[in-house]
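The values are calculated or read from the model by the stated rules, or taken from the named source; none is laboratory data. What you see is a predicted model; the values in this text were computed from it and never measured. Please note: Cβ atoms are built from the backbone with ideal geometry, for glycine as well, and neighbour counts cover all protein chains shown. Side chains included, ligands, DNA and RNA excluded: accessible areas come from the protein's heavy atoms. Shrake-Rupley method; radii C 1.70, N 1.55, O 1.52, S 1.80 Å.
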Amino acid sequence: MYNGNMDTFEKFYFINTYGCQMNIHESEKIAGVLEKLGYFPCDAENKADVLVYNTCCIRETAEAKIHGHIGEAKILKQNNPDLIVVVCGCMSQQSGVATSLKRRFPFVDVVLGTSNLDLLEQAVVDAKQKKKTVNTDEKNYVLVNLPKVRTSRPNAWVNIIYGCNNFCTYCIVPYVRGREHSRPIQDIVSEVKDLIAKGYKEITLLGQNVNSYGHDLDDGTNFAQLLNEVAKIDGDFRVRFLTNHPKDLTDDVIQAIANNKKICNSIHLPVQSGSSDILKAMNRKYDRDYYLQLVEKIKKAIPDVGISTDIMVGFPGETEQDFLDTLDLVKKARFSSAFCFIYSRRKGTVADKMDNQISRAEKGVRIKRLLEAQNVITKEISQEMEGTLQRVLIEGKNKKYVNTYCGRTENGRLVNVKSDVDLFDQFVWVKIKKFQSATLWGELQKED
Ligand code: SAH
Ligand code: SF4
Ligand code: F3S
């Protein structure tokens, strides 16, 4: 926007974010760097002076979508040759991809990997002088020291551990995010204290496997201890965390959740498959019985706990019986919600080299059957919540209905509630009145 002074032409940035919460949080760091350079956020790609694609490569569908989207930037660049196009994140970190991106999209100015966002500031400065940067060298993480522009109030994301050591045979993450690397506990605690002082009401601790937090620090800290420390901080706030690996979820973590009011009674516990043979082939290091026992233990220790999960269908060699085992586990575990995926071959992973791949058609049939099974359970659990009183943190307005706000219960369920007064960013008590599949509708209760 031109305001009459040639030196104060305002410049804008727009970030396209794909993938998981880790990437959403990293986009907050990208925004921090760009705002430090004097750029302002804008609401459309064609208004931007810097256009960022923070990418994901977890499945082929994600990658195909991103390729299509980056392709569209060609026209924007033709209309505005000074536009700076940045591609970063997991997709660009894959071996050989930086080179192929350069070839396929020659108009891209900056390509960075997952561990060198600290180079973004200089890369944008250089791009203004038409100098390109391509750097996906792997190194230890320094991202944490970047400025952040938080966009998810009342929630704030906080990294606790980077990378992944698990090498599940289907998964690309260990190849693009490097090895596990925990942040010192005092850094995390002071970041959380600062966020609470700034009025954030929900803190989500982030890691590919939060349960292995601390093992590389050699000072005896672990995830349970971190939860207990964070819960000691004064203030009215609650804590969530993502993601748990079943093999590492210890009793003291379950106790930390049960004992601390501030830690939400909600656990995302990806199971991936209900078949012990498939779990073995996936290198998940637990079997079906272990998982079901763990679910029982959690439900016994933590009242009203919400357990959500990730499930995959069509892993190489998955027989009809293996799939039926998954359906059966879904019925036994009774997840409050499940993210269901079709297995996607990822180059460089062990499962990609397996010769017993499942046909696309069969995968399509299985995912439908799985979604149907989970939908029945989601509805049943919604129904069980009818009539209950829930403390809900209001996250925003419902875009479809007037004077309607939405938020989450402590155990992770989405609730809509009508109100003439603005409820954003507040904890409110809500009585659950009805439900639509996964979404609950509640009535605002007066505080006494
Ligand atoms: N670190 C987390 C998951 C990160 S990826 C964990 O271990 O639970 C999020 C989900 O994507 C996974 O749980 C898995 O269900 C799914 N996923 C990962 N790789 C996939 C692939 N190749 N095809 C399909 N889904 C995949
Ligand atoms: Fe991928 Fe497994 Fe690591 Fe999760 S634990 S990021 S699924 S390799
Ligand atoms: Fe995607 Fe990378 Fe997250 S591959 S799911 S953005 S860790």
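Annotations for the structure displayed:
- Nearest-10 value in Å² for the accessible area of Thr61, using the 1.4 Å probe: 100 Å²
- Given charges at beta-carbon only (K, R positive; D, E negative), |dipole| of the stretch 35-97 in Debye: 100 debye
- Projecting the Cα atoms of Ser437, Phe424, Asn411 onto the dipole axis of the stretch 407-448, where Lys and Arg carry +1 and Asp and Glu carry -1 at the beta carbon, places Ser437 farthest toward the positive end.
- Gyration tensor verdict on the stretch 20-68 (Cα atoms; rounded if a/c is under 1.5, prolate if a/b is larger than b/c, oblate otherwise): oblate
- Largest accessible area first, the listed residues Glu180, Glu395, Glu296 line up as Glu296, Glu395, Glu180 when surface is computed with a 1.4 Å probe on the assembled protein chains.
- Surface per residue (accessible, 1.4 Å probe) for the stretch 210-284, Å²: 37 Å²
- Within the full protein context, the accessible area of Leu205 is estimated at about 0 Å² for a probe radius of 1.4 Å.
- Probing with 1.4 Å while keeping every protein chain in the model, the per residue accessible area of the stretch 389-445 equals 52 Å².
- Look at the Cα gyration tensor of the stretch 11-135: its axes a ≥ b ≥ c give a/c under 1.5, and that counts as rounded.
- When you restrict to C-alpha pairs under 8 Å that are six or more residues apart and normalise by the size of the stretch 110-206, the relative contact order lands at 28 percent.
- Rel. contact order, % - alpha carbon contacts under 8 angstrom, at least six apart, the stretch 389-445: 35 percent
- Solvent-accessible surface ranking, highest first, for Phe435, Phe241 at 1.4 angstrom: Phe435, Phe241
- Full-stretch length increase - Lys139, Asn259 - with 0.36 nm per residue and alpha-carbon distance subtracted: 39.4 nm
- Under 16 Å from the Val350 label point (7 Å along Cα→beta-carbon), backbone N, the stretch 294-332: 315-318
- With N the number of residues in the chain, Rg(Cα) / (2.2 N^0.38 Å) evaluates to 1.02.
- Global geometry of the stretch 31-103, whether rounded, prolate or oblate, following the gyration tensor of its Cα atoms and the 1.5 cut on a/c: prolate
- Charge dipole (the chain, unit charges on Cβ, about Cα centre) - positive-most of Ile161, Gly387, Gln293: Gly387
- Ranking Asp422, Asp248, Asp194 by solvent-accessible area of protein heavy atoms (1.4 Å probe, all protein chains present), from largest to smallest, gives Asp422, Asp194, Asp248.
- Placing unit charges on the Cβ atoms only, positive for Lys and Arg and negative for Asp and Glu, gives the stretch 155-384 a dipole magnitude near 540 debye about its Cα centre.
- In Å², nearest 10: area of Tyr162 left accessible to a 1.4 Å probe: 10 Å²
- The mean sequence distance of close C-alpha pairs (under 8 Å, at least 6 residues apart), as a share of the length of the chain, puts its relative contact order at 10 percent.
- Taking a Cβ cut-off of under 15 Å around Ser382, the surrounding Lys, Arg, Asp and Glu residues balance to a net charge of +3, with basic ones at +1 and acidic ones at -1.
- Neighbourhood net charge (13 Å Cβ-Cβ; Lys/Arg +1, Asp/Glu -1) for Gly412: +1
- Entry note, the chain: the mean residue ellipticity at 222 nm calculated from DSSP H runs of n ≥ 4, each adding -39500 (n - 2.57), is -10500 deg cm²/dmol after division by the residues and rounding to the nearest 500.
- Which listed pairs, of Lys139/Lys198; Lys148/Lys446; Lys400/Lys433; Lys331/Lys434, have C-alpha distances above 27 Å, in listed order: Lys139/Lys198; Lys148/Lys446
- Only the Cβ atoms of Lys and Arg (+1) and of Asp and Glu (-1) were treated as charged; on that basis the dipole of the chain about its Cα centre amounts to roughly 940 debye.
- Antiparallel %, DSSP beta bridges [both residues in the chain], to 5: 35 percent
- Heavy-atom surface analysis with a 1.4 Å probe gives the chain a carbon and sulfur content of 51 percent of its accessible area.
- Among the trypsin sites (Lys or Arg not before Pro) in the stretch 170-222, those located in a DSSP loop and surrounded by at most 13 other Cβ atoms within 10 Å of their own Cβ are Arg179, Lys198.
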